[in-house]
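One structure is given below, encoded as structure tokens.
Here, each number is a calculation from the coordinates, and none is a lab measurement. None of the values given here were measured: they were computed from a predicted structure. Note that each Cβ is placed from the backbone with ideal geometry, even for glycine, and that neighbours are counted across all protein chains shown.
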């Protein structure tokens, strides 16, 4: 006799929504407690769900592409009861079905059954792209889109011609019917990012202030110390200086490191700075440097290097992207001079944008005389939630931030 143990979606998952991305075991395979069974993808991180016990995988209830709510059952593990033969795992589902005297109806996940009811489509008639040909929620969505398009074409074909020639009809740009077009299904990360961004702009009134920063002092310090720090395996990136300057500015205007509530402004003691990291076409993830106010400049540089590497290798943990109180968007690394407004990473109160670092002609006073000089300059912006912060606080924060960058002491040891 078998005893079955549920495989559940973690209740403390990080991100707005999780999607089943890949099963690592097949039905009938034996597993050990702690073995990774299935990968879940959220807007922030991909995580593996481990086996809760020894046994064998007996049932998969959620297929690739299915939404996975916290606590939901992904599948089940069977374990032999005392006295039973533990040496042989059960036959895989396909073998059991072949020995059955009558064909078994296909199993459809809860997400597929929900789509069937919503769309009025029989999932048995939909070609499946999941494991072993199973129908996924994405298959149902595509089937519904195809059905809607066919209905629209049929309705247009039945429309009688008007007695007089109408004005030229211009097709809407979003119809997706232009010759040569193609549709790229949204990944779970892209869908979650879209939801999060929309929620932010509809929640908070965004206001952006822009300053200029001279990176001359930073470049001198970096050139003087990068070899020494590099010998210790640490890359001295410009972003490390930016994170450090943010910590200094937070000491002057702590209200920027906050969260808006209807009855109060919650100002955080810990400065947990998230740094937006692009993942190519896949989207963006924001690993967090926790308690940056207690880290040395070298510690910040090392932690930033570690988090960036793990973000790009898809090995961040849920804890690495949790608890941010402020975010940096270093959009200039991809070439933009200015981006505004940069959407606030809710529920935070502000986000810093740093544009492309480039040489520009500026006027500097030397011994009372205006001189024209070439300096490495960048536009820096602070976008705020205007419910939580005003222009005075915004400009004061940027003033301290820029002053810290421009007056960085060359003899400061990383």
Between residue 35 and residue 216, what is the label-point separation in nm under the 7 Å Cα-to-beta-carbon projection?
6.4
For the residues 197, 377, what sequence is obtained by ranking on other C-beta atoms within 10 Å, fewest first?
197, 377
Spin-label point model (7 Å from Cα, Cβ direction): what's the residue 374 to residue 338 distance in nm?
2.4
Which value in nm describes the separation of the simple spin-label points at residue 227 and residue 315, placed 7 Å from the Cα toward the beta carbon?
3.1
To the nearest Å, what is the center-to-center distance of the range 379-414 and the range 312-345, using C-alpha atoms only?
17
Ordered by packing density, taken as the mean number of other Cβ atoms within 10 Å over each peptide's residues, highest first, how do 255-261, 134-140 rank?
134-140, 255-261
Kirkwood hydrodynamic radius over Cα pairs of the range 213-265, then Stokes diffusion coefficient at 20 °C and 1.002 mPa s, in µm²/s
160
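May I ask you to derive the FRET efficiency for residue 361 and residue 261 from their Cβ-Cβ distance with R0 = 51 Å, giving the value to the nearest 0.05?
On the way: r = 46 Å, r/R0 = 0.91.
So, using R0 = 51 Å, E works out to roughly 0.65.
Shape verdict for the range 254-309, please, from the Cα gyration tensor: rounded (a/c under 1.5), prolate (a/b greater than b/c) or oblate.
Working: a/c = 4.40, a/b = 1.38, b/c = 3.20.
Here the range 254-309 falls in the oblate category.
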Using per-residue counts of other Cβ atoms within 10 Å, averaged over each peptide, order 265-271, 338-344 from highest down.
338-344, 265-271
Can you give the extra length, in nm with one decimal, that the chain gains between residue 198 and residue 79 once fully stretched, where that is 0.36 nm per residue apart less the Cα-Cα distance?
38.3 nm
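Semi-axes of the equivalent ellipsoid of the range 188-406: what are they in whole Å, largest first, if each equals the square root of 5 times a C-alpha gyration tensor eigenvalue?
Details: eigenvalues 148, 101, 57 Å².
So the three semi-axes of the range 188-406 are 27, 22, 17 Å.
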